[in-house]
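Asker: Quick one: the structure is below, questions incoming.
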Amino acid sequence: MESGDKVWEVFIQKKPGLAFKHAGSCHGYDKKMAIQNARDLYTRRGEGRALWVVPSEAIVSVPLDDSEAFFDPGVDKVYRHATFYKIPDGVDHL
Amino acid sequence: MDKFEKAFNDIIEKDLKVEPRDWMPEKYRKTLIRQVSQHAHSEIIGMQPEGNWLLRAPSLRSKQVLLAKIQDEAGHGLYLYSVAETLGITRQEMNAQLHSGKAKYSSIFNYPTLTWADMGAVGWLVDGAAIVNQVSLQRTSYGPYSRGMVRICKEESFHQRQGYEIMVQMAFGTPEQKEMAQDALNRFWEPALMMFGPHDADSAHSSQSMAWKIKRESNDHLRQRFIDRTVPQAEFLGLTVPDVNIKLNKETGHYDHSPFNWDEFWNVVNGNGPCNQERLDHHKKAHHDNTWVREAAAAFAAKTETIVA
Amino acid sequence: MDLTIQNNEAKFLIRLADTSLILGQRLAEMCSNGPFLEEDIALSNISLDLFGRAEEMYKIICEIEGNGYTPDDLVFRRNEREYFNIKLVEQPNEDFAWVIARQFLHDIYSQEVYKQLLNSDNSEVVGLAQKVLKEIRYSYIHSKDWIERLGLGTEESNARMQKAIDHLLKYVEEIFAFDELDKTYLSDTDGVTTVWNNDVNATLAACNLQRKEIMPLTMRDYRDGFHSEHIGHLLSIMQYLPRAYPDAKW
């Protein structure tokens, strides 16, 4: 098997002021090649004004076994949302 | 049933998407790898029959359009290889499977493109059939595949129109051009219909794929949709669909057609089409002739890259 | 159909248009033949830029000439000796090193030429040059990165790149034998030579490649429609359909 060909994750900013959005992945042997490959694969139709590529192996994600432990405790904290609070009628700008 | 399997079944039942890090049955993963890599290989091998006319495109416009289209196909192959990679297979492995004959690609690309009108027929019929299939696959249950299909359908919207535009030029051009257009339709009609795969009753993988919602609509259903759309388009061109039994069935609202030549289909699938050998040889040659380039890129990266792998 | 160009500015511009077209065609030959798919897409992109550039330039030429001919007429109906591209760009794709070396040698040259065209009196030429310079800049980055990878990669890649450079440099000298037309429409022809030599020398040196002393070939000038034998084959493929079916519209 050939070595050296790495997978990179591609993030595109559509225009200044917007967040970078994950677009997919691309291949490349080195950084310059990866960003050029990402440009040619994901922005041929003017989809972006800025690009990031990150080696896929640098992405850290929550292990599947722990996903309930990570995310379920955040579901029932209703007081973190504005709709939890009752404000009398007639009070504005809250 | 453990909680992971239950979670998987829930996702399928509720029409949600399975994501790469979710648990999935091994057979679901294998089925997807087979289907997605075959889809990717089809995009890539599909570059060749069109590439055959790229250097001979008869106008600056058609040359640029065809090149952009072939380039999209390379891009779509890459999107699909990326999807397959999320299932735990590498690009090198997929390439090796293509070269060994273990992985298949759509048989349609084993037919030769003989005249410029074939660029019209390929875009109109072959891309047209692929688009019907891909639109349906936008609702597939595997998230990355579904998202890939959405992107691909958006980009491919010009491909079929490009083909039909050529058919219009040819069908309404000189008598020689019209003859070429009819000849191209004659040669590509039935192979394009067989792109949807065997009849539902004979399709080995279909029912499990439908149950897992990898496939959302059956082969025959998609094929009929394509026929119903395409016959009137052929009539507009003043061309004759090469099937004496094509006619609108008033009861069903669909076009009837003759039985297909499945012997030919399976013979081409099994490697005996007009260009099977040429397509694979071309792909292997490009790969092997350039081994030194990839080695150089790897050596250069090893010397210069500071990111730790 | 007499497609002889009459106007001096058009005569100058068609050299640039033909150079773009022929290089675009050579790069299109690489489609499905690259070292990996990503590079196929990259080369197709550069090829599309070149075809687009050629087409826009032919439009300007057709306007200047005003004889009703179209860019497609110029592309598909002219014979070998009526083409005025630099010989460098008609050289074949022997291997990927040739493709890259040819591109790099071309990109430095054309980048400087289009920079100077920003000073043109013809506003359409200025507008085109502004657009084109961005494309060439990208192509230049791409080809220079590859010169580096191949020059510094492995022994084999270095040897192949050296061979490509040695061969292609033979076709470069004519580029700098500027004539009166060049001197009229470019603001500083000596500058083209200097910029080109400096960049080539620096890049080759940095990539472990040699610029060997090359004996000038006895060769006639591209400005008079002289070519290598490759051009006829390239044109016969490219022009086949409009020539075989002269009455057809495509």
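Values quoted throughout were computed directly from the atomic coordinates according to the rules given, and no laboratory measurement underlies them. Because the structure is predicted, anything quoted here is derived from the model rather than measured. Cβ: placed from backbone, ideal geometry, glycine included. Neighbour counts: every protein chain shown.
Asker: If you take every residue apart from C:A164 with its C-beta less than 12 Å away from the C-beta of C:A164, what net charge results, scoring Lys and Arg +1 and Asp and Glu -1? Each step should come with its number before you reach the end.
Answerer: Details: positive: C:R102, C:R160, C:K163, C:K170; negative: C:E94, C:D95, C:D166.
Around C:A164, the surrounding residues sum to +1.
Asker: Please list, in order along the stretch B:82-93, the HN-Hα scalar couplings obtained from phi with the Karplus expression 6.51 cos²θ - 1.76 cosθ + 1.60 (θ = phi - 60°), rounded to whole Hz, x for Gly and Pro.
Answerer: After applying 6.51 cos²θ - 1.76 cosθ + 1.60, I find 4, 4, 5, 4, 5, 9, x, 10, 8, 4, 4, 5 Hz.
Asker: A further question on this structure: What ranking do B:183-194, B:239-250 get when scored by the average of other Cβ atoms within 10 Å per residue, highest first? Numbers along the way, then the final one.
Answerer: Numbers: B:183-194: 21.5, B:239-250: 13.8.
The packing order, highest mean first, is B:183-194, B:239-250.
Asker: In Å and from the alpha-carbon atoms only, list the Rg and Dmax of the protein assembly as shown.
Answerer: 27.6, 95
Asker: Oh, and also: How many percent of all Cα-Cα pairs in the stretch B:218-309 sit more than 23 Å apart?
Answerer: It works out to 59 percent of all Cα pairs.
Asker: What residues of the stretch C:61-91 lie in the reach of a label at C:T4, counting those whose backbone N is under 20 Å from a point 7 Å from the Cα along Cα→Cβ?
Answerer: In the stretch C:61-91, the label zone of C:T4 (backbone N under 20 Å from the point 7 Å along Cα→Cβ) covers C:61-70, C:73-85.
Asker: Same structure again: Please compute the average number of Cβ atoms from other chains found within 10 Å of each residue's Cβ in peptide B:76-86.
Answerer: The per-residue average across the peptide is 4.
Asker: Below 8 Å between Cα atoms, with a sequence gap of 6+, how large is the relative contact order for chain A in percent?
Answerer: On the way: 99 pairs, mean separation 24.4, N = 94.
Reported as a whole number, the value is 26 percent.
Asker: To continue, here is another question. If one computes the Cα centroid of the stretch C:136-196 and of the stretch B:109-188, what distance in Å separates the two points?
Answerer: So the two Cα centres are separated by 40 Å.
Asker: Now, a different point. Can you give the average number of partner chain beta-carbon atoms within 10 Å of each beta-carbon in peptide C:146-157, as a whole number?
Answerer: Values: counts 6, 0, 4, 13, 5, 2, 5, 13, 8, 2, 6, 8.
Mean shielding count: 6.
Asker: Restricting attention to the alpha-carbon atoms of the stretch B:135-194, what are Rg (one decimal) and Dmax (integer), both in Å?
Answerer: Spelled out, the Cα radius of gyration and Dmax of the stretch B:135-194 are 16.2, 49 Å.
Asker: Next up: Only helical DSSP H runs with n ≥ 4 go in: add -39500 (n - 2.57) per run for the protein assembly as shown, normalise by residue count and round the 222 nm mean residue ellipticity to 500 deg cm²/dmol.
Answerer: On the way: 26 runs with 377 residues, N = 653.
Mean residue ellipticity at 222 nm (helix-derived): -19000 deg cm²/dmol.
Asker: Using just the alpha carbons, could you tell me how many Å³ per residue the convex hull of chain B encloses?
Answerer: Details: hull volume 49.3 nm³, N = 309.
Normalising the Cα hull of chain B by residue number yields 160 Å³.
Asker: Using the Karplus equation 6.51 cos²θ - 1.76 cosθ + 1.60 (θ = phi - 60°), what ³J(HN,Hα) coupling, rounded to whole Hz, does each residue of the stretch A:71-86 give in order, writing x for Gly and Pro?
Answerer: Here the 3J(HN,Hα) series is 9, 4, x, x, 7, 9, 8, 5, 5, 7, 10, 4, 5, 5, 9, 9 Hz.
Asker: Find the all-direction average of the projected area of the Cα convex hull for the stretch C:1-88, expressing the result in square nanometres with one decimal place. Walk me through the numbers on the way to the answer.
Answerer: Working: hull surface 23.2 nm².
Dividing the Cα hull surface by four gives the mean projection, 5.8 nm².
Asker: Taking the alpha-carbon set of chain C, what are its Rg and Dmax in Å?
Answerer: 17.7, 55
Asker: For the pair A:K14 and B:R61, how long in nm is the line joining their label points, each one 7 Å along Cα→Cβ?
Answerer: Here the modelled spin labels are 3.1 nm apart.
Asker: For Cα pairs less than 8 Å apart in space and 6+ apart in sequence, what is the mean separation divided by the residue count of chain B, i.e. the relative contact order in percent?
Answerer: Values: 338 pairs, mean separation 57.0, N = 309.
Relative contact order of chain B: 18 percent.
Asker: Contact order normalised by length for chain C, with contacts defined as Cα pairs under 8 Å and 6 or more residues apart; what percent is it?
Answerer: On the way: 287 pairs, mean separation 60.4, N = 250.
Over chain C, the number comes to 24 percent.
Asker: Roughly how large, in nm² to one decimal, is the mean projection of the convex hull of the alpha-carbon atoms in chain A?
Answerer: Values: hull surface 43.8 nm².
Dividing the Cα hull surface by four gives the mean projection, 10.9 nm².
Asker: Separate question: Let me check I have the definition right: for the stretch B:162-298, take the eigenvalues of the Cα gyration tensor, multiply each by 5, take square roots. What are those semi-axes in whole Å, largest first?
Answerer: On the way: eigenvalues 211, 131, 43 Å².
In descending order, the three semi-axes are 33, 26, 15 Å.
Asker: Can you pull the mean other chain C-beta count within 10 Å for peptide B:39-51?
Answerer: On the way: counts 0, 1, 0, 0, 1, 3, 1, 1, 5, 2, 0, 2, 7.
Counting other chains' Cβ atoms within 10 Å and averaging over B:39-51 gives 2.
Asker: Loop only by DSSP, 12 or fewer other Cβ within 10 Å of the Cβ. Give me the GluC sites (Glu not before Pro) in the stretch C:165-246 that pass, ordered by residue number. Spell out each step's value before the answer.
Answerer: Details: sites: C:E173, C:E174, C:E180, C:E213, C:E229; in loops: C:E213, C:E229.
For GluC sites (Glu not before Pro) across the stretch C:165-246 that sit outside H, G, I, E and B with at most 12 neighbouring Cβ atoms in 10 Å, the list reads C:E213, C:E229.
Asker: Report, to two decimal places, the Cα Rg of the stretch B:1-145 normalised by 2.2 N^0.38 Å (N = number of residues). Intermediate values should be presented prior to the final figure.
Answerer: On the way: Rg = 17.9 Å, N = 145, 2.2 N^0.38 = 14.6 Å.
In units of the globular-protein estimate, the stretch B:1-145 measures up at 1.23.
Asker: Can you compute the modelled spin-label distance between B:K250 and B:E305, with each label point 7 Å from Cα toward Cβ, in nm?
Answerer: Between B:K250 and B:E305, the simple spin-label model gives 6.8 nm.
Asker: Moving on to the next point. For helix A:31-42, report the angle its Cα long axis makes with the longest principal axis of the Cα atoms of chain A; keep it between 0 and 90° and round to the nearest 10°.
Answerer: It is inclined by approximately 70 degrees.
Asker: Does anyone have the angle between helix C:37-65 and the longest principal axis of chain C? Alpha-carbon axes, 0 to 90°, nearest 10?
Answerer: Helix C:37-65 and the main axis of chain C meet at about 30 degrees.
Asker: Take the Cα coordinates of the stretch C:156-215, assign each an equal point scatterer, and use the Debye formula without solvent to give log10 I(q)/I(0) at q = 0.16, 0.18, 0.20 Å⁻¹.
Answerer: Cα-only, vacuum Debye calculation for the stretch C:156-215: -0.60, -0.71, -0.82.
Asker: Can you give the charge dipole size of the stretch B:65-199 about its Cα centre, rounded to the nearest 20 debye, using +1 on the beta carbon of Lys and Arg and -1 on the beta carbon of Asp and Glu? Intermediate values should be presented prior to the final figure.
Answerer: Details: 11 positive and 13 negative charges, 98 e Å.
Rounded to the nearest 20 debye, it is 460 debye.
Asker: Normalised radius of gyration for the stretch C:132-235, please: alpha carbon Rg relative to 2.2 N^0.38 Å, two decimal places.
Answerer: On the way: Rg = 15.7 Å, N = 104, 2.2 N^0.38 = 12.8 Å.
For the stretch C:132-235, the normalised Cα radius of gyration is 1.22.
Asker: Please list B:202-211, C:156-165, C:104-113 highest first by mean number of surrounding beta-carbon atoms within 10 Å per residue. List each step's numbers first, then the result.
Answerer: Working: B:202-211: 14.0, C:156-165: 21.0, C:104-113: 23.5.
In decreasing order of mean packing, B:202-211, C:156-165, C:104-113 become C:104-113, C:156-165, B:202-211.
Asker: For the pair B:K6/C:K134, report the inter-label distance in nm, with labels modelled 7 Å from Cα in the Cβ direction.
Answerer: Going by the 7 Å Cα→Cβ label model, 5.6 nm.
Asker: I need the fraction of alpha carbon pairs in the stretch C:78-122 separated by more than 14 Å, rounded to a whole percent.
Answerer: On the way: 620 of 990 pairs.
It works out to 63 percent of all Cα pairs.
Asker: Using only Cα atoms, tell me the angle between helix C:8-28 and the longest principal axis of chain C; keep it within 0 to 90° and round to the nearest 10.
Answerer: With rounding to tens, the tilt is 50 degrees.
Asker: Separate question: FRET efficiency for B:K284 and A:H81, Cβ-Cβ distance as r, R0 = 60 Å, nearest 0.05?
Answerer: Numbers: r = 59 Å, r/R0 = 0.98.
Using R0 = 60 Å, I get an efficiency of 0.55.
Asker: Treating the beta-carbon of each Lys and Arg as +1 and of each Asp and Glu as -1, no other charges, what is the dipole magnitude of chain C about its Cα centre, to the nearest 20 debye? Can you show the working numbers first?
Answerer: Numbers: 26 positive and 42 negative charges, 37 e Å.
Using Cβ point charges on Lys, Arg, Asp and Glu, chain C gives about 180 debye.
Asker: Rule-of-thumb check for the stretch B:92-223: C-alpha Rg over 2.2 N^0.38 Å?
Answerer: Normalised Cα radius of gyration, the stretch B:92-223: 1.19.
Asker: Pairs B:K104/C:K134; A:K21/B:K104; B:K284/C:K59; A:K31/B:K284; A:K6/C:K212: which are spaced more than 31 Å apart, C-alpha to C-alpha? Present the calculation step by step, with values, prior to reporting the outcome.
Answerer: Values: B:K104/C:K134 41 Å; A:K21/B:K104 34 Å; B:K284/C:K59 41 Å; A:K31/B:K284 27 Å; A:K6/C:K212 36 Å.
Over 31 Å Cα-Cα: B:K104/C:K134; A:K21/B:K104; B:K284/C:K59; A:K6/C:K212.
Asker: By how many nm would the segment from C:T184 to C:A206 grow when fully extended, if each residue of separation counts as 0.36 nm and the alpha-carbon distance is taken off? Before the final figure, lay out the partial values.
Answerer: Values: separation 22, 0.36 × 22 = 7.92 nm, distance 3.50 nm.
Between C:T184 and C:A206, full extension yields an extra 4.4 nm.
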